[in-house]
Amino acid sequence: MCVRTARGRGVSRASRDYFKLDLGVMRPDRWLFQPGSARQLAAVRIGLCAVLALRVALRPNLYLDLSQQEASLFRPLSWAKLFHHMPSRGLLLAALIVCVVAAVCAAAGFRGRIALPIAWVAGVFLNGFLTSQGKVVHNDVLLLLCMFALIPARHSDVWSVDAWLARRRSEPPAPDVSVRYGWPVRTAMVVIAFTYCITGLHKLQFTGFDWASSDNLRWVLYTASDSQNGNSLGLFIADHPLLAHVFAWGTLVVECTFPLALVWPVSRWFYVPGVVGMHAGIYATMHLNYVAMAATVVIVYVNWAWIADRLEQRGADRHRLHPAPART
Amino acid sequence: MPDAKSTSPLEAPAQRDQPPQEPPPGPPSPSERAPAWTRGFVALYLIAFLICGAFAIEAWPLTGWKLFSHPRSPNLYGWRAYTFDARGHETKIDFARFPRADRHLPLIMQTYGNLSPLRKDGVCQTWAGRMRGFGVQVSGVRIYRTHVLLRLHRYHRRPPKGTRQLLYVCADGKGARRV
C-alpha cells in the first residue's frame, strides 16, 4: 500500500499531514463534522451491509435453532427481557429473511435509506436473542454499532441503485465532498477506536498488568485447547511462557492505544493489521470467530475512495497506452 | 467541489477529502454546517456508547466490552452433569448432541445457584428429557463441580486428570437440592 506517494518533492500538504499528529481530534465537534467523501460513506455502507447479509445468510441454523431452547434456559439481556422465552422458528425465519433482503438492498443502495434501518433492526433482533443464552455475544456487535451511525446518513447518494435511478431522472448529481458525508464514517471510526481501547482498559481494571505479565494467557489457551480436543498452535504458545507474554503484551498495547489511530493517521498501518492479526490469532488458537469485527475495522478505516481513484487512473492510463484503433 | 484525492488507503477522511497541492479548506460555511439534529444524534450516541463501555453496562447492543478481562488462574473450575438410572449408574450428559441453544453448561451454571428450586428442577428436567430421547434411562441428574490444575498441562496435549465434587442432585419427583 502506497505510503511512499507521500514522500519526496512536491508532496502535498495533505500528504505531509498524514504523518503528523492531528490534534483536531481534541475538538470533537469540529473534527467529527468536517466534510467527507460521498464515495467513502457509500463504500462503508456497501461493506457493512454486505457483511451483515453474509453473516446472517451463511449461518441460518445458528439463529433458527434458538427456537428449540427450553424456556427454563432462557437468559435474556437488555430489551430481550421483554420476552419470556426464545421466539418461534417462524418468527426467527421471518426476521432472518427480512434482515438478509434488507441488507442486500442497502448494500446495493436500492431504497437504501429505508433498507438499512430495517436490516439493522432485524440484525439486532436476531443477535439479541443469540446473546440471551447466558453469555454476552460480541461477535457482531461492532458491526451493528457502526451500522447504527449510518442510519440517518445520506449513504446512498453515490455507488448505489438509487443514485443511478436519480441520474436517469436527470436529477443533479450529489457533491463528491460534503459535510453530510463526513460524520457517519468518523463516528464509526471513533466507535471502533474506543471499543478496542475500552476492551483493553477493562483488562487492566479487572486484572491489572498481570493480564500480560502473569501466565493468564497460558491458562486461557490451555482451557480453549481442551474445549477443542487439543489445538496445536494454542498449546505451542501456552507451553512457551515467553511467547505467551509477547502475545499478551501485544494485545494489551494494540487495544489500549488504538485511539492513537484517530490522532495520528499513519499509525493506522499498525493498528488495522494489528487487530486483524489479533482476531486471526484468536480464531486459530481458540476457534472464536471475530471475522465480523475484523471486517468492520477494515471497511471503516481503509480509504476506499483512494483505491477507487487509483483503479480509475490505472484504467485511464491503460486506455491511453492502448488507444482503440481508428475506424475508417 | 474538486474530486476527493488522497495519498493513502488508510488516511483520515478529513485529509483524503482535500485536494492535493492546495491548502485545506477552512471551516464550512453556515449553509454547509451539519444540522443540529445530526450533532445531537452523534453526541447522544457516542455518550451512550462510552458510558456503557466505561461502566461495563450491558444495554445490548451497547455493551461493556469485558472480553477476556477477568484473570484466569491455573486452578480451572468447571461443571459436569450426569444422569443416573434407578440403580445409580451414571451417564455423562453429552451436551454436544443437544440443540445449539441448550449446549452451554458453564453459562447455565453461572446463574443456576440463584434460580428458584422450581426453575432449577426445570433445567434438570430439560436435560433428563433430552437424554431420554437418546434412549437413556433416567431417574435424575447429578451436577458436579470439577477442578483441573492447569500447571500440569505443560507439554501434554491432553488435559491433566481432575477431581470432581457433587454439588446438586435433581431426583425425579423430589426436585433439585444442593448437596
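The values are calculated or read from the model by the stated rules, or taken from the named source; none is laboratory data. The shown structure was predicted, so the numbers you read here are calculated from the model rather than taken from an experiment. Cβ coordinates were reconstructed from backbone atoms using ideal geometry, including for glycine residues, and neighbour counts include every protein chain displayed. Remember, those area values only see protein heavy atoms, side chains included, never the ligands or the DNA or RNA. Shrake-Rupley method; radii C 1.70, N 1.55, O 1.52, S 1.80 Å.
For the pair B:ARG157 and B:ALA36, what calculated FRET efficiency results from E = 1/(1 + (r/R0)^6), where r is the Cβ-Cβ distance and R0 = 60 Å, to the nearest 0.05? It would help to have the intermediate numbers written out before the result.
Values: r = 62 Å, r/R0 = 1.03.
Plugging the Cβ-Cβ distance into 1/(1 + (r/R0)^6) gives 0.45.
If I compute solvent accessible area with a 1.4 Å probe over the protein chains, what percent of it on the range B:114-179 is carbon and sulfur? Working shown, then result.
Details: 2080 of 4050 Å².
Carbon and sulfur together cover 51 percent of it.
Rounded to the nearest whole Å², what accessible area per residue is found for the range A:76-146 with the 1.4 Å probe? Please report the intermediate quantities before stating the final value.
Working: 2780 Å² over 71 residues.
The answer is 39 Å² per residue.
For the range B:59-116, what is the convex hull volume of its Cα atoms per residue in Å³?
Numbers: hull volume 10.1 nm³, N = 58.
Convex hull of Cα atoms, per residue: 174 Å³.
Which whole number gives the average, over all residues in A:190-197, of C-beta atoms from other chains lying within 10 Å of the residue C-beta?
Across the residues of A:190-197, the mean count of other-chain Cβ atoms within 10 Å is 3.
Taking beta carbons within 10 Å but only from partner chains, what does the mean come to for residues B:93-101?
Working: counts 0, 0, 0, 0, 0, 3, 7, 10, 16.
Counting other chains' Cβ atoms within 10 Å and averaging over B:93-101 gives 4.
Report the residues of the range A:178-221 in range of a label on A:LEU21: point 7 Å along Cα→C-beta, backbone N strictly under 19 Å from it.
Answer for this model: A:194.
Tally up the carbon and sulfur contribution to the accessible surface of the range A:252-327 as a whole percent, 1.4 Å probe, everything protein left in place. If you can, show how the numbers build up before the last one.
Values: 2580 of 3820 Å².
The computed percentage sits at 68.
Evaluate peptide B:42-55: per residue, the Cβ atoms of other protein chains within 10 Å of its Cβ; return the mean as an integer. Provide the component values of the computation, followed by the final result.
Values: counts 11, 4, 0, 8, 7, 0, 0, 9, 4, 0, 1, 8, 5, 0.
Counting other chains' Cβ atoms within 10 Å and averaging over B:42-55 gives 4.
Determine the relative contact order of chain A: mean sequence separation of Cα pairs under 8 Å and six or more apart, normalised by residue count, in whole percent. Write down the numbers at each step before the final one.
Values: 426 pairs, mean separation 73.6, N = 328.
Reported as a whole number, the value is 22 percent.
What is the gain in length, in nm to one decimal, between B:SER139 and B:GLU58 on full extension, counting 0.36 nm per residue of separation less the C-alpha to C-alpha distance?
Working: separation 81, 0.36 × 81 = 29.16 nm, distance 3.89 nm.
Result for the pair: 25.3 nm of gain on full extension.
Using 0.36 nm per residue of separation minus the Cα-Cα distance, give me the extension gain between A:HIS85 and A:PHE209 in nm, one decimal.
Details: separation 124, 0.36 × 124 = 44.64 nm, distance 4.05 nm.
Length gained between A:HIS85 and A:PHE209: 40.6 nm.
Using a simple spin-label model with points 7 Å from Cα along the Cα→Cβ vector, what separation in nm is obtained for A:ASN139 and A:ILE97?
2.4
To the nearest 100 Å², how much accessible surface do chains B and A cover up together, summed over both, with a 1.4 Å probe? Write out the running numbers ahead of the final one.
Numbers: alone 13970 and 18410 Å², together 24190 Å².
Looking at B and A, the buried total is near 8200 Å².
Given the -39500 (n - 2.57) contribution per DSSP H run of 4+ residues, what per-residue ellipticity at 222 nm results for the protein assembly as shown, rounded to the nearest 500 deg cm²/dmol?
Numbers: 21 runs with 261 residues, N = 507.
Rounded to the nearest 500, it is -16000 deg cm²/dmol.
Which number comes out as Rg/Rh for the protein assembly as shown once both Rg and the Kirkwood Rh are worked out on C-alpha atoms?
Working: Rg = 26.6 Å, Rh = 25.5 Å.
Over the Cα atoms of the protein assembly as shown, Rg/Rh equals 1.04.
So if the hydrodynamic radius of the range A:163-264 is defined as the Kirkwood radius over C-alpha pairs, what does Stokes-Einstein give as its diffusion coefficient at 4 °C and 1.567 mPa s, in µm² per second?
Values: Rh = 17.0 Å.
Value of D from the Cα-based Kirkwood radius: 76 µm²/s.
Obtain the radius of gyration and the Kirkwood radius of the range A:58-147 from its C-alpha atoms and give Rg over Rh.
On the way: Rg = 13.3 Å, Rh = 13.5 Å.
Looking at the range A:58-147, the ratio lands at 0.98.
If I compute solvent accessible area with a 1.4 Å probe over the protein chains, what percent of it on the range A:127-224 is carbon and sulfur? Before the final figure, lay out each step's value.
Working: 1850 of 3130 Å².
In the range A:127-224, the share of accessible area belonging to carbon and sulfur is 59 percent.
Can you tell me the FRET efficiency between B:TYR77 and B:ALA43 if r is taken as the Cβ-Cβ distance and R0 is 41 Å, rounded to the nearest 0.05?
On the way: r = 44 Å, r/R0 = 1.07.
The calculated FRET efficiency here is 0.40.
Enumerate the helices in chain A for which the Kyte-Doolittle hydropathy averages 0.0 or more and the C-alpha atoms extend at least 20 Å along the helix's axis, using complete DSSP H runs.
On the way: long enough: A:38-57 (28 Å, 1.41); A:89-108 (28 Å, 2.46); A:112-130 (26 Å, 1.48); A:179-207 (42 Å, 0.64); A:241-256 (22 Å, 1.41); A:268-286 (26 Å, 0.66); A:304-321 (26 Å, -1.11).
Long hydrophobic helices here: A:38-57, A:89-108, A:112-130, A:179-207, A:241-256, A:268-286.
Can you tell me the FRET efficiency between A:ARG318 and A:VAL298 if r is taken as the Cβ-Cβ distance and R0 is 41 Å, rounded to the nearest 0.05?
Details: r = 27 Å, r/R0 = 0.66.
E between A:ARG318 and A:VAL298, to the nearest 0.05, is 0.90.
What lysines does A:LYS20 reach when the alpha-carbon gap must be under 24 Å and sequence neighbours fewer than 8 apart in one chain are set aside?
Hits, sequence-local ones excluded: B:LYS5.
Sort the following peptides by mean Cβ neighbour count (other Cβ atoms within 10 Å, averaged over residues), highest first: A:272-282, A:145-155. Intermediate results must be reported in sequence, preceding the final value.
Numbers: A:272-282: 18.5, A:145-155: 22.8.
So the order, starting with the most tightly packed, is A:145-155, A:272-282.
Determine one quarter of the surface area of the Cα convex hull of the range B:37-175, which equals its mean projected area, and express it in nm² to one decimal.
Values: hull surface 51.5 nm².
Averaged projected hull area, Cα only: 12.9 nm².
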